[in-house]
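I have placed the structure first, in the form of structure tokens, so that the comments after it can refer back to it.
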Amino acid sequence: LETMQWQQIWAGSPVLKLVPGHAGTYLAWLAGTVDQPALWYLGPEHDQARQVHLDNGIPSLQVDIRLPHFSRDHSRLFYWLKEPPAIPPQTETVIVWSWTDSLYQREPRMPRGLARPGGLAVYDTQQDRAWMVHDLTEETMQIGETSSWVLIKKRFKTDRFWDPSIGSSYLLVSLIDGKRIALPEAFSHYDASPQLSPDGRFVINYHPGD
């Protein structure tokens, strides 16, 4: 706006979502199709946009359509991954009976959802590399805004939420070297809701029974 000059930074497939950085000189966007979007990044250190590719992790995972976001200092760009849609199964015919029926009836069995949520990945804007923070067996709880930690938990393997002996395992993942730190057992109760402090030095947990 100061120079009233403009520059074309993209000419390609349709832009689905655009994410400007806090300072305005960083941009990220999802382009392509909703089913198979690609993540692109442009920062002050680059002359042209570059596509973000995962350096390690599960090759079959695709970029998700969920909105990416920058860390406060723009050193990291967080984005989501997903499993590719499965091939729809053939519709099956099942026998359904109720007490009001005198005969068996045949109804089509509808296929279930074709895609499952994936994991969290981070792109280091300074080192120009991207890596997976966690896969689809884990869940993002909190991303440190000013720290280098992500709080995650293992997904429940059962729906028996009434059993107090069943809990989630919470972990801290370092965004510097990928190191994982398991939180103590006191953080593994079903009702546990740990929170990462803004500076990343503490993890706070409160349980109503304590």
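Odds and ends about this structure:
- When restricted to residues that are in contact (Cβ under 8 Å) with a residue 60 or more places away in the chain and either part of a strand (DSSP E or B) or buried (at least 17 other Cβ atoms within 10 Å of the Cβ) (or both), region 30-60 contains 7.
- Just one of the numbered conditions (1) touching a strand residue (DSSP E or B) at 6+ places or on another chain (Cβ under 7 Å); (2) among the hydrophobic types (A, V, I, L, M, F, W, C); (3) modelled with pLDDT under 85 is not true of Phe156: (1).
- Residue list for region 137-156, restricted to those being open to solvent by 40 Å² or more (accessible area, probe 1.4 Å) and either of a type in the set (Phe, Trp, Tyr) or in a loop (DSSP other than H, G, I, E, B) (or both): Thr137, Glu145, Thr146, Trp149, Arg155, Phe156
- A Cβ distance below 8 Å, combined with a sequence gap of six or more or placement on separate chains, defines the contacts here; from region 61-78, residues that are within 14 Å of Ile143 (Cα to Cα) and buried (at least 16 other Cβ atoms within 10 Å of the Cβ) reach residues that are among the acidic types (Asp, Glu) and at pLDDT below 90 in the pairs Ser71/Glu145.
- In region 2-28, the residues that are open to solvent by less than 90 Å² (accessible area, probe 1.4 Å) and within 17 Å of Ser71 (Cβ to Cβ): Val19, Pro20, Gly21, Ala23, Gly24, Thr25, Tyr26, Leu27, Ala28
The values are calculated or read from the model by the stated rules, or taken from the named source; none is laboratory data. Not measured: the values here are computed from a predicted model. Reconstructed Cβ throughout: ideal geometry from the backbone, glycine too, with neighbour counts over all protein chains shown. Ligands, DNA and RNA are stripped out before the accessible areas are found, and what is left, the full protein with its side chains, is counted by its heavy atoms. Shrake-Rupley method; radii C 1.70, N 1.55, O 1.52, S 1.80 Å.
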